[in-house]
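Visitor: Okay, here's the structure, questions in a sec.
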Amino acid sequence: FWRLSLPIGVTRDHPYANPFGPKSPSLEAVSLDPMLVVAGEKELLKDRAKDYARKLKDMGKNIHYVEFEGKEHGFFNNKPSSKAGNEFLQIVGNFMSENSA
């Protein structure tokens, strides 16, 4: 998928794909709205999402990371009426309520 999303000839360290890559500008001074990062425990890029959230949080950004035990990528789309799907919607709703202007 990276080949479809990134400019020809670049790697996954391009700033579009890796905001903490060697050629990416620092996000330290960037003002970010509160952010919710959600990952399933069995998600292929879970570690990348978790690292992304941790690095932003370490910069003092308002980041909320939630990991769903035993779940794969898109679990809330695949089974929206499941217990995890309902919990996901509750988390998103609470996040939006707590962080609306």
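Any read-out appearing in this document is the output of simple, stated calculations on the displayed coordinates, not a laboratory observation. Keep in mind the model is a prediction, meaning the values are calculated, not measured. Every residue, glycine among them, receives a Cβ derived from its backbone with ideal geometry; neighbour counts consider all protein chains shown.
Visitor: Evaluate the Kirkwood expression for the hydrodynamic radius of the chain, namely the inverse of the mean inverse distance over all pairs of different C-alpha atoms, and round to one decimal in Å. The partial results should precede the final answer.
Guide: Working: mean 1/r = 0.0655 Å⁻¹.
Evaluated over the chain, this radius sits at 15.3 Å.
Visitor: In the neighborhood of Pro34, defined by Cβ-to-Cβ distances under 13 Å, what is the net charge if each Lys or Arg adds +1 and each Asp or Glu adds -1? Before the final figure, lay out the partial values.
Guide: Numbers: positive: Lys57, Lys61; negative: Asp33, Glu98.
Surrounding charge for Pro34 is 0.
Visitor: Moving to a separate point now. Less than 15 Å from a label point 7 Å out along the Cα-to-Cβ axis of Met59: which backbone N atoms in the range 1-41 qualify, by residue?
Guide: Hits in the range 1-41 for Met59 at 15 Å: 15-37.
Visitor: For the range 1-39, which trypsin sites (Lys or Arg not before Pro) are both in a DSSP coil and crowded by at most 14 other Cβ atoms within 10 Å?
Guide: Answer by residue number: Arg12, Lys23.
Visitor: Sticking with the crude label model, points 7 Å out along Cα→Cβ, report the distance from Asn94 to Ser31 in nm, one decimal please.
Guide: Placing both labels 7 Å beyond Cα along the Cβ direction yields 2.9 nm.
Visitor: Suppose the chain between Ser82 and Leu6 were pulled fully straight at 0.36 nm per residue; how much longer would it get relative to their current alpha carbon spacing? Show your work: numbers first, answer last.
Guide: Working: separation 76, 0.36 × 76 = 27.36 nm, distance 3.45 nm.
Between Ser82 and Leu6, full extension yields an extra 23.9 nm.
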